[in-house]
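Worksheet: one structure, shown below.
The values are calculated or read from the model by the stated rules, or taken from the named source; none is laboratory data. Keep in mind the model is a prediction, meaning the values are calculated, not measured. Glycine also receives a Cβ, built like all others from the backbone with ideal geometry; neighbour counts cover every protein chain displayed. Surface accessibility is based on the protein's heavy atoms, side chains included, excluding ligands, DNA and RNA. Shrake-Rupley method; radii C 1.70, N 1.55, O 1.52, S 1.80 Å.
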Amino acid sequence: MAKRVFRVGLLLVLQFTLACCWWTPEAFALSEEQQLISQAWRIVNYSYVDESFNHQNWWFVRQKALKNPLKNREETYGQIQEMLASLDDPFTRLLKPDQYRSLQVNTSGELTGVGLQIALDEETGTVAVIAPIDGSPGQRAGLLPGDRILKIEGTSTVGLTLDKAAARMRGPIGTTVTLTIRRTETQAVEEVPLVRELIALNPVISKLQQTPDGRSVGYIRLSQFNANATTEIAQTVQEFEEQGADAYILDLRSNPGGLLQAGIEIARQWLDGGTIVYTVNRQGIVGSFEAM
């Protein structure tokens, strides 16, 4: 079996919750909001590899952040984001609680909703359907790529983030959510009630193709490293092997990442040996994962 080497992109995400704040003597002198900022600072201080921190005094960054008056949690999150932005590192960012919950749902491999992949329409500011998931309520209702979701339960989608729009469409199994849809083909506006179901998220699209010289090439597109990805890739490769595949193309374009363990297990399906990925902090290598 021909094998292709690929790299797994890793996103370093900082999750902050008061429940896991480290309690130190210093905490007695800080407000609740300042404790959260201090915790964020310590996580970066311990884990970030570059001791110069983008040629800045990281301790001074902390002191500056703690001096600013903070009225509420949103202002605290803003201060943390500003502090992390000074690192000029695109892979270090704050996920607010609702964003973190959305990440957990998206990588779990299943969700309770209507089965629509969505994106923001920059021209209208509304939410657009990219594609319905096969067998989902959205597909059975006839929703098509390009349809615009104008309202969710009567609330306009203009100005909503994707996370908030998706959250409004999720809910308990068996409950109904009504979408106001502008059809892309006819421009007609209609109300579409959808009953929420448990949706399995299959991140794999595959096809066995024949080349002009008669070889069979298995094309596999992986849209995300979610909880289903490892099993789906293994099953797809097995099916292609049984059909006599000579080579493979593993398409990772537009893959935003996902679960580290899923990336490792998928890499092991393609690599014969060597290090797949290792993690490093200021003390050196703290974790290494090998191909088997």
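For beta carbons closer than 8 Å, sequence separation of 6+ or different chains, a first residue in segment 55-80 that is without any contact (Cβ under 8 Å) to a residue 60 or more places away in the chain and surrounded by 17 or more Cβ atoms within 10 Å (Cβ to Cβ) and a second that is aromatic (Phe, Trp, Tyr) and assigned to a helix (DSSP H, G or I), the qualifying pairs are Trp58/Trp41; Val61/Trp41; Arg62/Trp41; Ala65/Trp41.
State all residues of segment 239-292 that are of a type in the set (Phe, Trp, Tyr) and at pLDDT 95 or above; if no residue qualifies, say none.
Matches in segment 239-292: Phe240, Tyr248.
Screening Leu84 with (1) open to solvent by less than 50 Å² (accessible area, probe 1.4 Å); (2) modelled with pLDDT of 85 or more; (3) closer than 30 Å to Glu185 by Cα; (4) touching a strand residue (DSSP E or B) at 6+ places or on another chain (Cβ under 6 Å) gives one miss only, at (3). Of all the residues in segment 127-183, those that are of a type in the set (Val, Ile, Thr) and out of contact with any Asp or Glu (no Cβ under 8 Å at 6 or more places or on another chain) number 10. Of the strands (runs of 3 or more DSSP E) contained entirely in segment 175-292, those carrying at least 3 residues that are in contact (Cβ under 8 Å) with a residue 24 or more places away in the chain fall at 176-182, 189-195, 197-200, 204-210, 216-222, 247-251, 275-281.
Just to verify a result, which residue in segment 172-199, among those that are among the polar types (S, T, N, Q) and either touching a Gly at 6+ places or on another chain (Cβ under 8 Å) or under 18 Å from Pro132 (Cα atoms) (or both), is least open to solvent (accessible area, probe 1.4 Å)?
Thr180
I need a count of the residues in segment 169-197 that are of a type in the set (D, E, K, R) and over 26 Å from the mean Cα position of the chain (by Cα). Matching residues across segment 169-197 total 5. Selection of first residues in segment 126-137 that are within 10 Å of Leu116 (Cα to Cα) and of second residues that are open to solvent by less than 10 Å² (accessible area, probe 1.4 Å) and in a loop (DSSP other than H, G, I, E, B), restricted to Cβ pairs under 6 Å at least 6 apart or on distinct chains, gives the following pairs, ordered by first then second residue: Val129/Leu143; Val129/Asp147; Pro132/Gly115; Pro132/Leu143; Ile133/Gly115; Ser136/Gly115; Pro137/Val114; Pro137/Gly115.
Within segment 148-159, residues that are open to solvent by 60 Å² or more (accessible area, probe 1.4 Å) have Cβ atoms under 6 Å from residues that are not in a strand (DSSP E or B) in these pairs: Arg148/Thr126; Val158/Gly125; Val158/Thr126, counting only partners at least 6 apart in sequence or on another chain. Restrict the check to segment 130-137 and report whether at least one residue is within 21 Å of the chain's Cα centre (by Cα), of a type outside the set (Ser, Thr, Tyr), in a loop (DSSP other than H, G, I, E, B) and closer than 30 Å to Gln243 by Cα. Yes, that holds for at least one residue. Is it the case, given these coordinates, that Ala167 is touching a residue at least 40 places away in the same chain (Cβ under 8 Å) and among the aliphatic types (A, V, I, L, M)? Taking the combined requirement at face value, the residue satisfies it. Filter segment 80-102 down to the residues that are part of a strand (DSSP E or B) and among the aliphatic types (A, V, I, L, M), then identify the one that is nearest to the chain's Cα centre (by Cα). Within segment 80-102, the match that is nearest to the chain's Cα centre (by Cα) is Leu95.
Is segment 103-118 home to any residue that is in a helix (DSSP H, G or I) and of a type outside the set (S, T, N, Q)?
yes
The set of residues in segment 206-241 being open to solvent by less than 40 Å² (accessible area, probe 1.4 Å) and more than 17 Å from Leu260 (Cβ to Cβ) consists of Ser216, Val217, Gly218, Ile220, Thr236, Val237, Phe240.
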